[in-house]
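A.B. asks: Structure incoming, see below.
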Amino acid sequence: MSSKNVKVAKPYADAFIEIASNETVINDLNSISAALESNELVKVISNPLLSSNAKKDVIKSIFSENVDAKTVKFMMVLCDRGRIEYLGSIVETALKLAYKKASIEMADVTSSVKLSSSQEKDLVEKLKKMTGAKEVKLNAKVDESLIGGFKVQIGSKIIDTSIKNQLQQLSSYLGTSV
């Protein structure tokens, strides 16, 4: 996210969290985030040639039955203010705020192979104990260059058990490069 996007997204995300209903806010944000994975929707809402009314119609047709009415109304305000193109950044920022408010931690996990469901469950339990959070959501990715092991970033903490990291540490200790 660029610094301009952060500057625009933060106040809108704060406002959305204030007005949104606590029960549906995370589900609404996840629904919007999933819909934004469609490049066509992103193209439509960022198209400067489309009027704000056309963008509103698209948003209403996609979200009116899937998300809370306040959430749709919020997106209409973004259209009116010419900020709908920042919807992805706003949703990403608001989701972080909503998770923090609900005591849910986000953990970015990068492993050399896809983790099994039991491995994910065990990792979530360990991360809950470590952070004291009620719930931990994993954002799992695979990076074969790690050779083996995994990396976890949760907040500002990084746990790196990868073989790649261990080789880099060994090479720096020996004064060589990998």
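A.B. asks: Considering region 113-163 alone, what residues qualify as being touching a Lys or Arg at 6+ places or on another chain (Cβ under 9 Å), part of a helix (DSSP H, G or I) and farther than 22 Å from L97 by Cα?
C.D. replies: Scanning region 113-163 gives S145, L146.
A.B. asks: Let me ask something else. Before we move on, is K141 modelled with pLDDT of 90 or more, farther than 27 Å from E23 by Cβ and surrounded by 16 or more Cβ atoms within 10 Å (Cβ to Cβ)?
C.D. replies: Numbers: modelled with pLDDT of 90 or more: yes; farther than 27 Å from E23 by Cβ: yes; surrounded by 16 or more Cβ atoms within 10 Å (Cβ to Cβ): no.
Answer is no for this residue.
A.B. asks: Would you check which residues across region 65-101 are assigned to a loop (DSSP other than H, G, I, E, B) and more than 22 Å from the chain's Cα centre (by Cα) and list them?
C.D. replies: Within region 65-101, the first condition is being assigned to a loop (DSSP other than H, G, I, E, B), and the residues that meet it are 65-68, 81-83.
Within region 65-101, E65, R81, G82 meet the criteria.
A.B. asks: Kindly check whether there is at least one residue in region 33-43 that is loosely packed, with under 10 Cβ neighbours inside 10 Å, closer than 19 Å to A9 by Cα and within 23 Å of the chain's Cα centre (by Cα). Talk me through it step by step, then tell me what you get.
C.D. replies: Step one: filter region 33-43 for residues loosely packed, with under 10 Cβ neighbours inside 10 Å, giving 37, 39-40.
So of that shortlist, the ones also closer than 19 Å to A9 by Cα come out as 37.
Then keep just the ones that are within 23 Å of the chain's Cα centre (by Cα); that gives 37.
There is at least one residue in region 33-43 that is loosely packed, with under 10 Cβ neighbours inside 10 Å, closer than 19 Å to A9 by Cα and within 23 Å of the chain's Cα centre (by Cα).
The values are calculated or read from the model by the stated rules, or taken from the named source; none is laboratory data. Model, not experiment: these values are computed from the prediction. FYI the Cβ positions are ideal-geometry reconstructions off the backbone, even for glycines, and counts take in every protein chain you see.
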